[in-house]
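The values are calculated or read from the model by the stated rules, or taken from the named source; none is laboratory data. Bear in mind that the values here come from a model prediction, so they are computed numbers and not experimental data. When we count neighbours, we look across all protein chains shown, and the Cβ atoms used for this are built from the backbone with ideal geometry, even at glycine. Just so you know, the surface numbers come from the protein's heavy atoms only, side chains and all, with ligands and any DNA or RNA stripped out. Shrake-Rupley method; radii C 1.70, N 1.55, O 1.52, S 1.80 Å.
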Amino acid sequence: MDKWLKSPWFIRIISLLLAILLYASVNLDDGASQSNSILPEGNKEVTTMNNIPLQVYMNDEKYVVEGVPQNVTVTVEGPNTVVTKTITQKNFDVFIDLQELEPGTHTVPIEHRGISNQLSVFVEPEEVEVSLEERSSKAFDVEIDFMNRDKIGDGFEIGDPTVEPEKVEITGSKSEIDKVSLVKAIVDVSEASESISKKDAPVKVYDQQGNELNVFVEPSSVKVSAPIIPPNKEVPLSIQTEGELPEGYSVNSIKANPNKVRVFGSSEQLESIKTIDNMTIDLSTIKADKTLDMDVTVPNKANKVEPSTVQVEVDIEESTTKTFENSKVNVQNLQENQTITFIEPEDQTIDLTLIGTAKELENVNQDQFEAYINVEQFVEGEFSVPIEVNGPAKVKWELSNKEAQVRIE
């Protein structure tokens, strides 16, 4: 046996046998296929495959292409077993190769690979005209387009929306990028109730005429959030006072910050609300300038107010006075056949002393005040009649005579 292994002829014979076995193994399948070729023509089959994706080979970091159909139609003809395997597995590519082309318009053939050479292959279309342009990218702000606004409740509004991210990167040919006029995230609000939250609002790109552009958008969808605000209106605050400041002091100003609040309710409820005037400060508790945190009272029939709390600044200062001497006391409602004589004050005049802050009294003049008595209830005789005064509401005053003694005849 050792002699055989050392014999060159023995080694040659073994090598030949191994080579024959290897050749037979590799060509077994081809042999089976070849056997089909001797079958009669009746075993041939023609099959058409629609919507076969068309691949594009190109330098997509540098260029973009237009005019490429997404799908093509491929028809194969040949032995039915090979056709069946091809249409079942679809283990082939249909493509155009643009890798060696420069920018411009080109007519290129549609090629294929991975289909058995036992089949005849027909691709529809056979070639396509494409436009190859330099690639361009630019960032754009995203606007929000709310659809079906009319399906939100009557009087409800959409508050300020937020979008994440605020910008998207748009890529395409330079000519297409130059056309971009509007970038919108589309949000349907027909089902919205208290708030809007859309995690994947699609982003659309339009030119100036409103035509959608065929460009790449990254990301292709954004997150949009917005509150839905019920009917509301803004109304002013009117702060009332009660009690008196310590003697010798007057109110310089009372200011609410903010001085207006937003009231929420139905449209009918809001119509009658003009102001909020049921907030009161007790001046007897004010000894110096003070800032108060005050709750805003919700008006009758309203749902809520915002803000619900405001700061009210009370500014006081020492009082000053201003006196108008010899102010005439007028007579109202004296009958035509009656005469009246003033006993006290005899000259039918009084001194009117105003009390307030220097700012309040600075521009006040005597013409703004009228002192008078009303004798409508008096017929004949001597009477004590209260002296009344008409004047600016914010100014306090004192009279040298609170009553007039008069004789009516």
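Given the criteria open to solvent by 20 Å² or more (accessible area, probe 1.4 Å), touching a Phe, Trp or Tyr at 6+ places or on another chain (Cβ under 8 Å) and of a type in the set (A, V, I, L, M), does VAL331 qualify? Please lay out each step first, then the result.
Details: open to solvent by 20 Å² or more (accessible area, probe 1.4 Å): yes; touching a Phe, Trp or Tyr at 6+ places or on another chain (Cβ under 8 Å): yes; of a type in the set (A, V, I, L, M): yes.
So VAL331 passes the test.
Of everything in the stretch 57-72, what is exposed (fewer than 15 other Cβ atoms within 10 Å of the Cβ) and modelled with pLDDT of 90 or more? Give them in sequence order.
Within the stretch 57-72, TYR57, PRO69, GLN70, ASN71 meet the criteria.
Specify the residue that is most open to solvent (accessible area, probe 1.4 Å); the eligible residues are those in the stretch 363-403 that are within 23 Å of ILE254 (Cα to Cα) and part of a loop (DSSP other than H, G, I, E, B).
Top of the filtered list is LYS394.
What single numbered condition from (1) at pLDDT 90 or above; (2) more than 30 Å from ASN214 (Cα to Cα) fails to hold for VAL108?
(2)
Could you list, ordered by first residue, the pairs with Cβ atoms under 9 Å in which the first is in the stretch 146-159 and assigned to a loop (DSSP other than H, G, I, E, B) and the second is basic (Lys, Arg), at least 6 apart or interchain?
As it stands, the answer is none, since no pair meets every condition given.
Go through the stretch 160-182 residue by residue and tally those that are over 30 Å from GLU111 (Cβ atoms) and assigned to a strand (DSSP E or B).
From the stretch 160-182, those over 30 Å from GLU111 (Cβ atoms) are 160-170, 177-182; that's our starting set.
From the residues that got through so far, the ones that are assigned to a strand (DSSP E or B) too are 162-164, 167-170, 182.
Selection size over the stretch 160-182: 8.
Quickly run through the stretch 253-290 and pick out the residues that are open to solvent by less than 40 Å² (accessible area, probe 1.4 Å) and either in a helix (DSSP H, G or I) or within 21 Å of ILE355 (Cβ to Cβ) (or both).
Within the stretch 253-290, SER253, LEU270, ILE281, LEU283, ILE286 qualify.
Check every one of the strands (runs of 3 or more DSSP E) wholly within the stretch 65-127 and list those with 2 or more residues that are within 30 Å of GLU176 (Cα to Cα).
Filter on the stretch 65-127 gives 71-79, 93-97, 104-109.
Let me confirm something: among LYS179, LYS233, which residue is surrounded by 13 or more Cβ atoms within 10 Å (Cβ to Cβ), in contact (Cβ under 8 Å) with a residue 12 or more places away in the chain, under 30 Å from THR297 (Cβ atoms) and basic (Lys, Arg)? Don't jump to the end; show me each part of the working.
Working: LYS179 fails: under 30 Å from THR297 (Cβ atoms).
Exactly one of LYS179, LYS233 is surrounded by 13 or more Cβ atoms within 10 Å (Cβ to Cβ), in contact (Cβ under 8 Å) with a residue 12 or more places away in the chain, under 30 Å from THR297 (Cβ atoms) and basic (Lys, Arg), namely LYS233.
Of everything in the stretch 334-362 that's under 30 Å from SER253 (Cβ atoms) and open to solvent by 80 Å² or more (accessible area, probe 1.4 Å), which residue is modelled with the highest pLDDT?
Only one residue tops the list, namely GLU362.
Here is a check on your reading of the model: is GLU244 more than 30 Å from ASP178 (Cα to Cα) and not in a strand (DSSP E or B)? Give the derivation first.
Numbers: more than 30 Å from ASP178 (Cα to Cα): yes; not in a strand (DSSP E or B): yes.
So GLU244 passes the test.
Going by what's in this entry, would ILE229 be described as at pLDDT 85 or above and in contact with a strand residue (DSSP E or B) (Cβ under 9 Å, 6 or more places away or on another chain)?
Working: at pLDDT 85 or above: no; in contact with a strand residue (DSSP E or B) (Cβ under 9 Å, 6 or more places away or on another chain): yes.
Spelling it out, it is not the case that ILE229 is at pLDDT 85 or above and in contact with a strand residue (DSSP E or B) (Cβ under 9 Å, 6 or more places away or on another chain).
With in a helix (DSSP H, G or I) and either of a type in the set (S, T, N, Q) or over 25 Å from VAL379 (Cβ atoms) (or both) as the only criterion, which of GLU360, GLU325 stands out?
On the way: GLU325 fails: in a helix (DSSP H, G or I).
Testing whether each residue is in a helix (DSSP H, G or I) and either of a type in the set (S, T, N, Q) or over 25 Å from VAL379 (Cβ atoms) (or both) leaves just GLU360.
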